[in-house]
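Input: a single structure, listed below in structure tokens.
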Amino acid sequence: MITIMTVSELTKAVKDAKNKNLTIGLVPTMGYLHEGHASLIRQSAVDNGLTVVSCFVNPTQFAPGEDFESYPRDFTRDRKVAEKAGATVLFAPDVSEMYPENYNTFVLACGVSEVLEGLARPTHFRGVTTVLAKLFNLSRADRAYFGQKDAQQVSVVEQMVRDLNFNTAIIRMPIVREDSGLAKSSRNQYLSDTELQEATVLKKSLDLAHDLIRSGEIAAGKIKAAMTEFITQTAENARIDRIDIVDNTTLADVETITSTVLIPVAVYIGKTRLIDNIVVPV
Ligand code: PAF
């Protein structure tokens, strides 16, 4: 695995790979790699001749007051995890390399980025699509790998790729979980032992919703109420930010469940905002 920090080095590595007719897989990350990222890298290494892992805490997707400065970083460990999982190139640019002075172009996938997480974080997806448009162009990736944990992010990226005719296939990979059911996330490291235990309430509430739908409940309101009651009664430090039941394709709010739904939840455990989701086929 080679580690490179500049756009010009990445352009050269990509050109060399294309000259050798290698397909290119991109795994975009903000570092602090965990098993979820490793699963994406492993799949890319199986599918492609060259796997580029980008490791860049992207400032444009954080609003003022969010955790950009304190976002966990451990580059030494990231290099080991990426290499072990099969990465061939680790691209770790500085902010000034991605956003040089006078940088002033942004990419916005309207609609799908304005619901759910987009309501609470109105500038977030604009930052995500902007940095990904740059990474897709730089890496000339045939495939890019994303985790289903950020389900809306994947839908936003799919919209951008369709609308702007990127020649990159978006591969959506399953959520990787701890044995406790907690979805793996770089932000889990903010949690104390008690909070780690309480955080399992997210997945348990999603399982409850799944079971209710399987047993014939179709009123989204009743399912959300049952999830709310379960979370508040089970975890003292939990504060629900959002529970939604939306159409799995359009992400439009659903009142009566008649087709496959996505149920995303966002819950604060102490000060840490965690997200998780489940798709329930109907
Ligand atoms: O999911 C993430 O870690 C980020 O949003 C991404 C896709 C790497 C863009 O910065």
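FYI, it's all coordinate maths here, none of it is from the lab. What you see is a predicted model, and the numbers here were worked out from it, not measured in a lab. Cβ atoms come from the backbone with ideal geometry, glycine included; neighbour counts cover every protein chain shown.
If you take the square roots of the eigenvalues of the alpha-carbon gyration tensor of region 60-193 and sort them as a ≥ b ≥ c, do you get rounded (a/c under 1.5), prolate (a/b over b/c) or oblate?
Judged from the Cα gyration tensor, region 60-193 comes out rounded (a/c under 1.5).
If I build a Gaussian network model for the chain, linking alpha-carbon pairs within less than 10 angstrom, which residue out of PRO72, PRO174, PRO100 has the largest mean-square fluctuation?
For the chain, modelled as a Gaussian network with Cα springs under 10 Å, the answer is PRO100.
Antiparallel DSSP bridges in the chain: what percent, to the nearest 5?
The antiparallel proportion sits near 50 percent.
Could you compute the net charge surrounding ASP67? Neighbours are other residues with a C-beta less than 13 Å from the C-beta of ASP67; K and R count +1, D and E count -1.
Result for the local shell: +3.
Whole-Hz Karplus ³J(HN,Hα) for region 160-171, in order, using 6.51 cos²θ - 1.76 cosθ + 1.60 and θ = phi - 60°, x for Gly and Pro?
Residue by residue, region 160-171 yields 4, 5, 5, 5, 9, 6, 5, 9, 10, 7, 9, 9 Hz.
Strictly over 27 Å apart at the Cα level, which of LYS12/LYS149; LYS84/LYS149; LYS80/LYS204 would you flag in this model?
Violating the 27 Å limit, Cα to Cα: LYS12/LYS149; LYS80/LYS204.
Excluding same-chain residues fewer than 8 positions from LYS184, which aspartates and glutamates have a Cα within less than 16 Å of its Cα?
In chain and number order, the partners are GLU35, ASP78, ASP150, ASP193, GLU195, GLU198, ASP276.
Take the alpha carbon gyration tensor of region 123-282, find the square roots of its eigenvalues, order them as a ≥ b ≥ c, and report rounded if a/c is under 1.5; if not, report prolate when a/b exceeds b/c, else oblate.
Here region 123-282 falls in the oblate category.
Per residue and in cubic angstrom, what volume does the convex hull of the Cα atoms of the chain have?
Output value, Cα hull per residue: 132 Å³.
Ranked from highest to lowest mean number of other Cβ atoms within 10 Å per residue, what is the order of the peptides 50-61, 134-145, 205-216, 10-21? Mind showing how you got there, number by number?
Details: 50-61: 23.2, 134-145: 21.2, 205-216: 16.0, 10-21: 14.1.
Going from most to least packed, we get 50-61, 134-145, 205-216, 10-21.
For region 171-220, rounded, prolate or oblate, judged on the Cα gyration tensor with a ≥ b ≥ c (square roots of eigenvalues), a/c < 1.5 rounded, else prolate if a/b > b/c?
Because a/c hits 1.5 or more and a/b fails to exceed b/c, region 171-220 counts as oblate.
Taking GluC sites (Glu not before Pro) as exposed when DSSP calls them loop (any state but H, G, I, E, B) and at most 12 other Cβ atoms lie within 10 Å, what is the longest stretch of the chain free of them, the sites themselves excluded?
Numbers: sites that count: GLU69, GLU101, GLU236, GLU255.
By the stated rule (loop sites, at most 12 other Cβ atoms within 10 Å), 102-235.
For the pair ARG77 and ASN21, what calculated FRET efficiency results from E = 1/(1 + (r/R0)^6), where r is the Cβ-Cβ distance and R0 = 35 Å, to the nearest 0.05?
Once rounded, the FRET efficiency stands at 0.55.
As I understand it, the dipole of region 226-279 uses +1 on the Cβ of Lys and Arg and -1 on the Cβ of Asp and Glu, about the Cα centre. Which of ILE231, ILE243, THR272 lies farthest toward its positive end?
Positive-most Cα among the choices belongs to THR272.
Viscosity 0.692 mPa s, temperature 37 °C: give me the Stokes-Einstein translational D for region 136-189 in µm²/s, with Rh taken as the Kirkwood radius over C-alpha pairs.
263 µm²/s
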